[in-house]
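To keep things clear, I will list the structure first and then write my remarks on it.
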Amino acid sequence: EELIDKQVAGGKGDRPAILFEDRKIPYKALLGMVNKLGSSLKALGIEEADRVALRAPNIPPALVANFAVLKIGGVFLPTSGLFSRSEIAHVFNNAEVKAVVVASALLEELEKARPDLKTLKHIIVIGGTPEEQATFKQKGYLLYQELVDGGKPECDPVRRDRMDVSVLLYTSGTTGLPKGTAHFLEEALIVPDGFGKYCWGITEHDVILSAAPISMAAGYSAVATIPYRFGAAVSIFPRFTPEGM
């Protein structure tokens, strides 16, 4: 509501929210995708405080998934694309992940971990060729784009307490098993209102660019909270290169 809906309600629906390759996704279109994915997730049985993981680079569906999960009261859990089978199993079981949104390019390691995932019910795949998508559906996976296309355009927000956990970010696991760090709902406003406003001086005319992935705290704030508080745009790319940046 605070980061997306209010921008559209305030007449900024046609302003760019996401810049990706040659695409400009306005706030109105982002909200439409968020609502449709959110309503589809609710239809799958994702309820308040359920954990939904992400395995994807910084691409538009990653941000759509973030806001959709938060809007229906879930807990968003973006994970590093570098996690191995054992790390995926540890994190998913530790957090009791109910569903995962995964880019097709990162599916292999997740499938290796799947026999060890105790609470996972839904695998939602982003992208893939038509042949790959047919295989995904045969395996019982869901397609991200079909959930967006088939979702209801209305999605009422679930309002939770400001101190409820809304995002779980796990450490890299370099000195042991990855450890979950809890981020509260109020941080989605405190970080932009503090750091974004007084340190960066963000306005609706700015573009924020971050090389850090959404699974890292700095990356999450830069691409998933700070720009949207002020009606600014975020420029994202799936893989960092100096030339691309």
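Side notes on the structure shown:
- Of all residues assigned to the stretch 129-151, none qualifies as being open to solvent by 50 Å² or more (accessible area, probe 1.4 Å) and closer than 18 Å to Ile214 by Cα.
- Filter result for Glu2 (within 22 Å of Leu185 (Cα to Cα), in contact with a Leu (Cβ under 7 Å, 6 or more places away or on another chain), surrounded by fewer than 24 Cβ atoms within 10 Å (Cβ to Cβ) and of a type outside the set (Gly, Ala, Ser)): yes
- Yes/no for Ala232 being closer than 21 Å to Thr181 by Cβ and either out of contact with any Lys or Arg (no Cβ under 7 Å at 6 or more places or on another chain) or among the hydroxyl-bearing types (Ser, Thr, Tyr) (or both): no
- Taking residues in the stretch 218-235 that are within 17 Å of Ile59 (Cβ to Cβ), and partners anywhere that are of a type in the set (Val, Ile, Thr) and part of a helix (DSSP H, G or I), the pairs with Cβ atoms closer than 8 Å and at least 6 places apart or on different chains are Val234/Val223.
- Enumeration of residues in the stretch 228-245 that are open to solvent by less than 10 Å² (accessible area, probe 1.4 Å) and closer than 14 Å to Phe20 by Cβ: Ala233, Val234, Ile236
- Where helices (runs of 4 or more DSSP H) sit wholly within the stretch 107-158, those with at least 3 residues that are within 19 Å of Ile88 (Cβ to Cβ) occupy 107-113.
- Residues satisfying the stated conditions in the stretch 63-105, i.e. of a type outside the set (D, E, K, R), open to solvent by 20 Å² or more (accessible area, probe 1.4 Å) and closer than 21 Å to Ala218 by Cβ: Leu70, Ser80, Gly81, Leu82
- Check on Gly32, crowded, with 16+ Cβ neighbours inside 10 Å, at pLDDT 95 or above and within 13 Å of the chain's Cα centre (by Cα): no
- Selection within the stretch 3-29 - touching a helix residue (DSSP H, G or I) at 6+ places or on another chain (Cβ under 7 Å) and part of a helix (DSSP H, G or I): Asp5, Gln7, Val8, Lys12, Tyr27, Lys28
The values are calculated or read from the model by the stated rules, or taken from the named source; none is laboratory data. Being a predicted model, the structure only gives us computed values, none of them experimental. Note that each Cβ is placed from the backbone with ideal geometry, even for glycine, and that neighbours are counted across all protein chains shown. SASA here: full protein model, heavy atoms, side chains in, ligands and nucleic acids out. Shrake-Rupley method; radii C 1.70, N 1.55, O 1.52, S 1.80 Å.
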